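All remarks here apply to the structure that follows.
The values are calculated or read from the model by the stated rules, or taken from the named source; none is laboratory data. Just so it is clear, the structure is predicted and the values come from calculations on it, not from any experiment. Note that each Cβ is placed from the backbone with ideal geometry, even for glycine, and that neighbours are counted across all protein chains shown. To get the accessible areas, we keep the full protein, side chains included, count just its heavy atoms, and leave off ligands, DNA and RNA. Shrake-Rupley method; radii C 1.70, N 1.55, O 1.52, S 1.80 Å.
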Amino acid sequence: MSATRYAYLGPEGTFTEVALRTLPEAATRELVPMLSVPAALDAVRNGEAAAALVPIENSVEGGITATLDELAGGEPLMIYREVLLSITFALLVRPGTKLSDIKTVTAHPAAQPQVRKWMAEHLPGALWESAASNADGARLVQEGRYDAAFAGEFAAATYGLEPLVTEIHDAENAQTRFVLVGRPARPSAPTGADKTSVVIWLADDHPGALLELLQEFAVRGVNLMLIQSRPTGEGIGNYCFAVDAEGHIADRRVGEALMGLKRISPQVRFLGSYPRAGVSPDEVRPLRAGTSDAAFTEASDWLARSQDGRI
């Protein structure tokens, strides 16, 4: 395995590359652009890269399905870090192009919901087609395949384009969350401001099946930050659920919730416990009474004393 290579969703000039370069260790790694999320994650699986940074969620549309599906299937991988990046788009065109010249536009599918209203107002007749990434859309504009691309303004110079319009966004303060993914290993130590990600499968389809899974978190005071259903590919109505929960697998409440899930679910895939981006321990909500590690230890000691007749 190449310990000095980090893969990312490319080509050069993507928001993913910008997010990756915010990591201190990126300065000492060879950054390798890949043409898709599956390709970036497969580079980790086959040893071509030590880790890969890929988008997993945005604040407008929620989870990035390509990433969630790749992490749910195939050889297991783990998340070790997350990065939050504020997102605003520029409309990139070949030099000399005017707004009235634009008949076709392209970008990554996740970009469309973030610029849909702007496009309806300013380019109502333009045809949208998806690209593998926003930067790949810019490349296609450079090649003459499309008239314009929504991408980061920083990508213009890389592809010989001009930003015709900048600061495009339908939602204020839009953000995308990226995750650094590697091969499975021991998670980093708890920081007090952590997140745990898992994928959970339903045992069967019956009333309350999802509620039974969620109760494993709720009764232990574990707050959920994301839950998204994804088809398993085994037929209509068969789903698994990608879940992000507050806390670390080393926390008693989280560990016991995961054990509870394992008892009632046919498959639970642990995707990692890692520090939350931009959150310090002081900013984490107080734990509900009875859900601290000390409370779990006290309850366990009480049970042992009761079993021994030391009540």
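Quick check on my filter: what residues within segment 149-196 are part of a strand (DSSP E or B), open to solvent by less than 30 Å² (accessible area, probe 1.4 Å) and either in contact with a Gly (Cβ under 9 Å, 6 or more places away or on another chain) or of a type outside the set (A, V, I, L, M, F, W, C) (or both)?
Going through segment 149-196, the residues part of a strand (DSSP E or B) turn out to be 149-151, 162-168, 175-182, 194-196.
Narrowing further to those that are open to solvent by less than 30 Å² (accessible area, probe 1.4 Å): 149-151, 168, 176-182, 194-196.
Listed by number, the residues that qualify are A149, F150, A151, T176, R177, V179, V181, G182, D194, K195, T196.
Looking only at residues in segment 234-261 that are under 14 Å from T196 (Cα atoms) and in contact (Cβ under 8 Å) with a residue 60 or more places away in the chain, the one that is surrounded by the fewest Cβ atoms within 10 Å (Cβ to Cβ) is A250.
One residue stands out among those in segment 210-233 that are over 23 Å from T65 (Cβ atoms) and aliphatic (A, V, I, L, M): the one that is surrounded by the fewest Cβ atoms within 10 Å (Cβ to Cβ), which is L211. When segment 206-222 is limited to residues that are part of a loop (DSSP other than H, G, I, E, B) and touching a residue at least 12 places away in the same chain (Cβ under 8 Å), the one that is nearest to the chain's Cα centre (by Cα) turns out to be V222.
Residue-level check: of (1) touching a Pro at 6+ places or on another chain (Cβ under 8 Å); (2) at pLDDT below 90, T67 misses just (2). With respect to A52, determine if the residue is within 27 Å of R145 (Cα to Cα), touching a residue at least 60 places away in the same chain (Cβ under 8 Å) and open to solvent by less than 10 Å² (accessible area, probe 1.4 Å). In short, no.
Which residues, taken from segment 189-205, are touching a residue at least 12 places away in the same chain (Cβ under 8 Å) and of a type outside the set (A, V, I, L, M)?
Filtering segment 189-205 down to residues touching a residue at least 12 places away in the same chain (Cβ under 8 Å) leaves 189-203, 205.
Listed by number, the residues that qualify are P190, T191, G192, D194, K195, T196, S197, W201, D205.
Scan segment 81-96 and tell me whether some residue there is among the basic types (K, R), touching a strand residue (DSSP E or B) at 6+ places or on another chain (Cβ under 9 Å) and within 21 Å of S59 (Cβ to Cβ). Yes; the residues of segment 81-96 include at least one that is among the basic types (K, R), touching a strand residue (DSSP E or B) at 6+ places or on another chain (Cβ under 9 Å) and within 21 Å of S59 (Cβ to Cβ).
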